[in-house]
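J.: Sharing a structure here in C-alpha cells format.
Bear in mind that the values in this text are calculations on the coordinates, not laboratory data. As the structure is a prediction and not an experimental result, all values here were calculated from the model. FYI the Cβ positions are ideal-geometry reconstructions off the backbone, even for glycines, and counts take in every protein chain you see.
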Amino acid sequence: MPVDPSFVGRVYPPDEPYAVMREQIAAFAEAVGATHPAHTDPQAARALGHADVVAPPTWAVVVAQRSEAAYVDDPAAGIDFSRVVHAEERFAYTRPIVAGDRLVTTLHVDSVVERAGLAMVTTRVEVADDAGAPVATVTSTLAVRP
Amino acid sequence: MTPAGLVVGQEVARATLHVDRARLVRYAHASGDQNPIHQDESAALAVGLPGVIAHGMWTMGAAVQVVVDWVGDPGLVVGYGTRFTRPVPVPADGEATPLVVATVGALDADEGTARIDLDVTLDGSRVLGKAQVVVHLP
C-alpha cells in the first residue's frame, strides 16, 4: 500500500509527559561518544549555568521518535518500515534539554511528496515543557520505496 | 576560544569516530530505535543492505561531538541538521571509523552564532550531506 498523502496536515496531540532522567542522558551520551562532563556530572553542568545534566544535541530524537510512532506505525499511513530509509533530520533548540525536564510532544505531518520515485514523508515534532513553553523542534524526513 | 578570530572556511576540529556492533546495540537501547537492520545481519541482508549499518542518528549524534568539545558547552548548540547520503556499514568484527572535519561555514555577528559545517566521510565517501551545526558563541 502506498503512502497515503491524505495524512498531511494531521496533528497528533501530546501523550503523557516524558520525564528526562540523568541515567538515560548518560546512556545516550556514552553510546554516541559524547564525553563532555556536562552530560554526566551535575556539578559540571551547573558550573555552565544549567539546572542539571544536559542532553546531547541529538538526544531529542528519543522523544521525537516516540511521538512519530503514532503516525508511522499506523498501517493506514502506508509506511512499510522494510522500505524506509532515513533521509534527513533537523533539530532546533529554544533551550537545552536537561535532566528533570518533563517534555510533551506534538506531532505534525508536514508533507508527503514524490521525489525520484520515492515518497518523501516529513514530520515535525514540537517539544515543549509540561507548562507549554517551547523547548525544541525536531523535523524528520523518511524516504519510502514503492 | 576567541570568536572574533574565527574566519569562514577555518577548520576548528577533526576527529575519527569508532563504531562497532556492540556500540550500535547500546545506541539502540539508549535511543529506543530497535530497527533490526542495525543489529542483525540477516535482517539487514533481507532488505538489500550489504550487512549491519549504523543508525543514521548514531552517526549524526557522534559527529557533532567535536563541535561540542570545541565550543565547550553542549547547551550552546542551538541547531543541527543533516541529510543521510550513504550508510555506514559496521563489520561483525572490528569497527568502522568515519572521519569528521568541522569548519566554519558562516558567522552571524548580530545573533552571536556560528554555523559549523561537518564533512563526515568513510573511506573518502561522504556519509552525511549538508551537515550543519549552529552554535551560540560563548
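J.: 222 nm [θ] for the protein assembly as shown, helices only, -39500 (n - 2.57) per DSSP H run of 4+, per residue, to 500?
T.: -6000 deg cm²/dmol
J.: Kindly provide log₁₀ I(q)/I(0) values, in the same order as q = 0.14, 0.18 Å⁻¹, from the Debye equation applied to equal alpha-carbon scatterers of chain A.
T.: Log10 I(q)/I(0), no solvent term: -0.69, -1.00.
J.: In chain B, if every C-alpha pair distance is counted and binned at 10 Å from zero, what percent goes to each bin?
T.: 12, 40, 29, 14, 4, 0
J.: Rank A:12, B:99, A:106 by how far each Cα sits towards the positive end of the charge dipole of the protein assembly as shown (+1 on Lys, Arg Cβ; -1 on Asp, Glu Cβ) and give me just the farthest.
T.: B:99
J.: What does the charge count around residue A:77 come to, taking other residues whose C-beta lies under 11 Å from its C-beta (Lys +1, Arg +1, Asp -1, Glu -1)?
T.: My count for the surroundings of residue A:77 gives -4.
J.: Also, quick follow-up: Hey, if you put +1 on the Cβ of every Lys and Arg and -1 on every Asp and Glu Cβ in chain A, which of A:28, A:116, A:61 ends up farthest toward the positive end of that dipole?
T.: It is A:116, whose Cα lies furthest towards the positive end.
J.: Another one. With +1 assigned to the C-beta of every Lys and Arg and -1 to the C-beta of every Asp and Glu, and no other charges, what is the dipole magnitude of chain B about the Cα centre in debye, to the nearest 20?
T.: Value, rounded to 20: 200 debye.
J.: Pop a pseudo-label 7 angstrom from the Cα along the beta-carbon direction at both residue B:106 and residue A:85 and give the gap in nm to one decimal.
T.: According to this spin-label approximation, the distance is 2.7 nm.
J.: Right, something else. Just counting partner chain Cβ atoms within 10 Å, what average do the residues of peptide A:94-107 show around their Cβ?
T.: Per residue, the number of nearby Cβ atoms from other chains is 1 on average.
J.: Net charge around residue B:23, counting only other residues with Cβ within less than 14 Å of its Cβ (Lys, Arg = +1; Asp, Glu = -1)?
T.: Neighbour charge sum, excluding residue B:23 itself: -3.
J.: Next question. Search the structure for amide H atoms under 5 Å from the amide H of residue A:10, placed 1.01 Å from N in the peptide plane, and list their residues when 5 or more places away or on another chain.
T.: A:109
J.: Dipole size in debye (nearest 20) for the stretch A:5-144 around its Cα centre, Lys and Arg Cβ +1, Asp and Glu Cβ -1?
T.: Roughly 260 debye, rounded to the nearest 20.
J.: On to the next question. Okay, which of the stretch B:12-27 sit inside 15 Å, backbone N to the point 7 Å along the Cα-Cβ direction of residue B:92?
T.: Label zone hits: B:21-22.
J.: In the protein assembly as shown, with Lys and Arg counted as +1 and Asp and Glu as -1 at Cβ, which of these residues, B:122, B:77, B:19, has the Cα nearest the positive end of the dipole, that is, farthest along it?
T.: After comparing all options, I get B:122.
J.: If you place +1 on the Cβ of every Lys and Arg and -1 on the Cβ of every Asp and Glu, how big does the dipole about the Cα centre of the protein assembly as shown come out, in debye to the nearest 20?
T.: In debye, rounded to 20, the protein assembly as shown gives about 380.
J.: Identify the GluC sites (Glu not before Pro) of the stretch B:40-138 meeting these criteria: DSSP loop state and at most 12 other C-beta atoms within 10 Å of the C-beta.
T.: Here the sparse-neighbourhood loop sites are B:111.
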